[in-house]
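The values are calculated or read from the model by the stated rules, or taken from the named source; none is laboratory data. Quick caveat, the model's predicted, so the values are computed rather than measured. Protein only, heavy atoms only, side chains kept; ligands, DNA and RNA dropped before computing areas. Shrake-Rupley method; radii C 1.70, N 1.55, O 1.52, S 1.80 Å.
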Amino acid sequence: MPSTCSTAVRTAALALCTLAALLAPTTAHAAADPGDTIALPVRDALTALPVRDEERTGYERSKFRHWIDADRDGCSTRAEVLLEEAVTAPEQGANCQLNGGSWHSPYDDASFDVARALDIDHLVPLAEAWDSGASAWTAKQREAYANDLGDSRALIAVSAASNRSKSDQDPATWQPPSTGYRCTYATDWIAVKTRWSLAIDPSEQAALTDILGPCPNSPIEVALAR
C-alpha cells in the first residue's frame with residue numbers, strides 16, 4: 001500500500017501539471033481541426049495568428065463566388081444577412097423580395113429603412129483573405145468563405161458609403177468612422193481570421209494591437225472553418 005507521503009507527492013505533482021497547463025499560452029487552435037470550437041482572450045488570439053507579408057498576385061473577385069442560395073430557400077446570402085440583422089423585420093415577398101424593415105449600420109452609426117441602401121460587407125474583405133491565405137484554397141473553400149453564414153461576425157449589413165470607403169482595406173489603413181465600434185471591429189476581425197486560419201501582416205498586427213489597447217481583453221469563441 002503506498003505511503004501517505006508518496007501519495008501526497010503524486011497529488012502535488014498532478015496539481016502542478018494541471019496549473020501549468022492552464023497558465024501556458026493558448027496555441028491549441030494551431031493543431032485543431034475544422035469544426036472544433038476554441039475560446040481564448042482576444043489578445044491571445046491576435047498573438048496566435050501567423051504573421052507574414054501579403055501577396056495579391058492573381059486575385060480576382062470572381063474567384064470568390066458569392067451571394068449564393070446555399071439552403072435553396074429562395075433567399076441569397078445577401079438576403080439572409082439582411083433578415084438576420086434587421087432591427088425591424090421586413091416583409092418577405094416572392095423570390096425573397098424584402099419590403100419595409102429597418103437596419104443599423106455599426107460602421108458609421110447610421111440607420112436605414114430601405115434594404116437597397118445597405119451593402120453586405122465581408123468584414124475581412126475577399127481581397128484581404130486572398131492576400132493572407134485564400135489564394136491557396138480551392139474554389140469551394142473560397143465560396144464557403146464568401147457566403148459564411150456560420151459565424152455572424154463574417155458578414156455584416158452596413159451603409160453603402162461606409163462599405164465603399166473601406167473597400168478592401170485592413171485595419172492598418174481603415175477603421176470604422178464610429179469610434180465606439182472599433183473595439184468590436186478589431187475583435188471580430190481577429191475572430192474571422194482565426195476561424196479561417198488566415199495570416200496577418202506586420203502593419204495589420206500593429207494596428208490591431210493599437211486598437212485593442214484601451215479595449216477589454218474579451219474572450220472570443222470561434223468554430224474553425226478550416
Among all the lysines, which ones have a C-alpha under 22 Å from Lys166's C-alpha, if same-chain residues fewer than 8 places away are not counted?
Lys63, Lys193
For a test of the definition: using alpha carbon positions, the gyration tensor, and the 1.5 limit on a/c, classify region 44-163 as rounded, prolate or oblate.
prolate
Ignoring any ligand, DNA or RNA, what whole percent of the accessible area of the chain comes from carbon and sulfur when the probe is 1.4 angstrom?
54 percent
Size of the chain along its principal axes in angstrom, Cα-based, largest extent first?
77, 37, 37
Longest principal axis of the chain (C-alpha) makes with the long axis of helix 182-195 (C-alpha) an angle, in degrees to the nearest 10, of 70 degrees
Can you list the HN-Hα couplings for region 89-101, worked out from phi with the Karplus curve (6.51, -1.76, 1.60; θ = phi - 60°), rounded to whole Hz and with x for Gly and Pro?
5, x, 7, 10, x, 4, 6, 6, 5, 9, 10, x, x
Once the Cα atoms of helix 4-23 and of the chain are each reduced to a long axis, what angle between those two axes, in degrees from 0 to 90 to the nearest 10, is obtained?
20 degrees
In degrees, nearest 10, the alpha-carbon axis of helix 202-212 is tilted away from the dominant principal axis of the alpha carbons of the chain by 90 degrees
By the C-alpha gyration tensor axes a ≥ b ≥ c (rounded if a/c is under 1.5, else prolate when a/b exceeds b/c, else oblate), the shape of region 92-226 is oblate
